[in-house]
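Read the structure below first, then the notes.
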Amino acid sequence: MSENIISICLDNQVLRHHGAVAGTTGYGKSNTNSNIVMAAIKMGYCVFLFDHKPDYQNLEQPNDEKDLFQNLEKPNDEKDLVMDLEKPNDKKDLVIHPKWEPQGFDCTVDYFSLSDDKSRKANAKEKLINVYASSFDPYQLASALFHKRGEDVPQENMTLLLNAYKDKQEEYNKYTWALKEAIEWIRGLDKGTMSDVLGGGSITGNSKTAMLRKLQARSMPWMDRMEEDSSARKLPGLGSPQKRLALEIDVPLLIKGKTVNVIRVGQSQGRDYGLFLSFLLERVYNAKASNPDLPPILYLIDEAQDIFSGSKQLREACEDMLDANMRKGRSLNIAFWYGLQRFSALPESISININSRIIMAHKQADEVKNALPGASKEILGLVTQLKRGEALVSLFGSTSIVQAKMHPSKALLTKE
């Protein structure tokens with residue numbers, strides 16, 4: 001590997017043709033992802049950054065690991081040529097590389113959470129997300145709630161029941177409802193009505209009770225959140241304050257240029273992750289399609305392998321949802337970048353749309369065959385020898401694979 005500092009840069013063309021950063025934990029994915037987000041912000045993007053561990057709860061602060069930057073200092077007379085990311089693609093010039101030093105994000109950073117776990121690592125400004133159950137297609141919702149192997153029949157029954165409940169509400173011009181309300185409606189159905197809804201099928205009382213019990217146990221913390229109703233008149237002797245359904249997150253209001261929306265996933269499982277993604281992607285796409293003046297979008301989906309870890313039905317639903325959005329979103333300047341521990345964890349329908357790959361250390365060379373098509377055995381073998389921060393890089397538009405050392409994040413990453 002050359003000792004010369006020659007930057008590998010991202011531009012809008014590279015970002016919008018989708019990419020992935022893959023590698024074993026502890027080898028620099030989070031640092032690289034942070035720098036990708038910073039590059040996107042310089043180009044005016046609105047970023048939705050999904051944060052698992054969490055890693056990205058302190059982005060306004062400069063990185064305090066100063067030892068990581070000592071080796072990057074250069075004599076004043078040394079010149080490195082890089083592309084200026086802030087210039088339009090057709091007017092890029094070669095410029096002197098600035099000194100790489102710690103720097104917090106100089107833009108708007110908003111923090112949200114799917115979890116109500118009150119993690120001590122969460123940013124103090126974090127806001128809880130709320131989405132109504134009624135915002136989902138009944139099949140999507142039923143697939144996420146009955147996602148385990150052997151639950152095909154309950155999933156099909158719940159799809160029919162939720163469709164019937166939705167139709168019933170719309171007869172009364174009610175388009176917003178909570179899953180709890182649907183459960184109570186289902187609980188009250190008599191055998192005859194239940195049979196009609198299920199197309200002549202039937203369900204025993206015990207099966208119905210078990211199905212509803214699972215529904216309640218598997219409810220998601222970010223769905224149908226309740227909040228204290230400050231407008232309600234407090235009655236004498238009433239111990240607990242009255243509650244109401246919280247307002248749903250207004251996604252179009254989050255789409256602002258040079259803004260990072262950090263969404264902490266917390267303890268949410270793959271089914272939560274995938275279901276919320278379907279909601280967010282649809283709302284963003286609709287907003288962009290109706291208003292071409294909105295800024296370009298970057299989704300950085302960290303620990304993406306979790307999305308595809310559920311049942312076959314749920315995995316296929318998430319795969320179809322992401323595949324469709326990647327293909328149709330590119331024309332609207334909507335980019336998808338994935339962070340994951342093994343590139344091979346991405347389904348083929350997703351990986352085939354990824355045109356830039358930053359491959360860090362993997363335990364086995366076979367895991368990156370699809371990541372670097374056409375690479376020789378010698379190059380593939382390097383992935384087991386890469387040190388922390390090193391990667392094999394293949395960017396959209398390039399003609400070769402480059403072995404490179406990635407810069408540390410300028411911004412502070414959240415520590416264990």
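The values are calculated or read from the model by the stated rules, or taken from the named source; none is laboratory data. Everything numeric here is computed off the predicted structure, so don't read it as measured data. Positions of Cβ are backbone-derived with ideal geometry, glycine not excepted, and every protein chain shown enters the neighbour counts. These area figures cover heavy atoms from the full protein model, side chains too; ligands, DNA and RNA do not enter into them. Shrake-Rupley method; radii C 1.70, N 1.55, O 1.52, S 1.80 Å.
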Practice prompt. Give region 37-57 a look and list any residue that's outside any strand (DSSP E or B), among the β-branched types (Val, Ile, Thr) and touching a strand residue (DSSP E or B) at 6+ places or on another chain (Cβ under 6 Å), or say none.
Written response: VAL37
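Every residue, every condition in (1) of a type in the set (A, V, I, L, M, F, W, C); (2) open to solvent by less than 50 Å² (accessible area, probe 1.4 Å); (3) over 25 Å from SER394 (Cβ atoms), yes or no:
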site: TYR273; (1), (2), (3): no, yes, yes
site: GLU282; (1), (2), (3): no, no, yes
site: ASP293; (1), (2), (3): no, no, yes
site: TYR299; (1), (2), (3): no, yes, no
site: ASP323; (1), (2), (3): no, yes, no
site: MET326; (1), (2), (3): yes, yes, no
site: LYS363; (1), (2), (3): no, no, no
Item to complete: Report yes if some residue within region 185-196 is surrounded by fewer than 13 Cβ atoms within 10 Å (Cβ to Cβ), modelled with pLDDT under 95 and touching a Leu at 6+ places or on another chain (Cβ under 7 Å); otherwise report no.
Response: yes
Practice prompt. Note down all Cβ pairs under 9 Å where the first residue falls in region 173-195 and is under 13 Å from LEU162 (Cβ atoms) and touching a residue at least 60 places away in the same chain (Cβ under 8 Å), the second is surrounded by 14 or more Cβ atoms within 10 Å (Cβ to Cβ) and acidic (Asp, Glu), and they're at least six residues apart or on different chains.
Written response: ALA178/ASP224
Practice prompt. Hey, can you tell me all the residues within region 340-363 that are under 16 Å from GLY28 (Cβ atoms) and either among the basic types (Lys, Arg) or part of a strand (DSSP E or B) (or both)?
Written response: LEU340, ARG342, ARG357, ILE358, ILE359, LYS363
Response to the item:
Residue count, region 116-169, condition farther than 19 Å from GLU181 by Cα and part of a loop (DSSP other than H, G, I, E, B), comes to 17
Response to the item:
Over region 366-401, the set of residues open to solvent by 30 Å² or more (accessible area, probe 1.4 Å), farther than 27 Å from GLN13 by Cβ and in a helix (DSSP H, G or I) is ASP366, GLU367, LYS377, GLU378, THR384
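What do you reckon, is LYS312 basic (Lys, Arg), more than 26 Å from LEU382 (Cα to Cα) and modelled with pLDDT under 90?
Yes; evaluated as a whole, the condition is true for this residue.
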Worksheet item: Is there any pair with a first residue in region 37-48 that is on the phi > 0 side of the Ramachandran plot and a second that is at pLDDT 95 or above whose Cβ atoms are under 8 Å apart and which are 6 or more apart or on different chains, and what are they?
Response: GLY44/GLY257; GLY44/LYS258; GLY44/PRO295; GLY44/PRO296
Item to complete: Any residue in region 361-375 that's at negative phi: show its pairings with residues that are of a type in the set (Lys, Arg) at Cβ separation under 7 Å, as long as the two are six or more apart or on different chains.
Response: HIS362/ARG342; GLU367/ARG342; ALA371/ARG357; LEU372/ARG357
Response to the item:
When GLY200 is run through (1) in a helix (DSSP H, G or I); (2) over 22 Å from ARG271 (Cα atoms); (3) open to solvent by 30 Å² or more (accessible area, probe 1.4 Å); (4) not hydrophobic (A, V, I, L, M, F, W, C), the failure sits at (1)
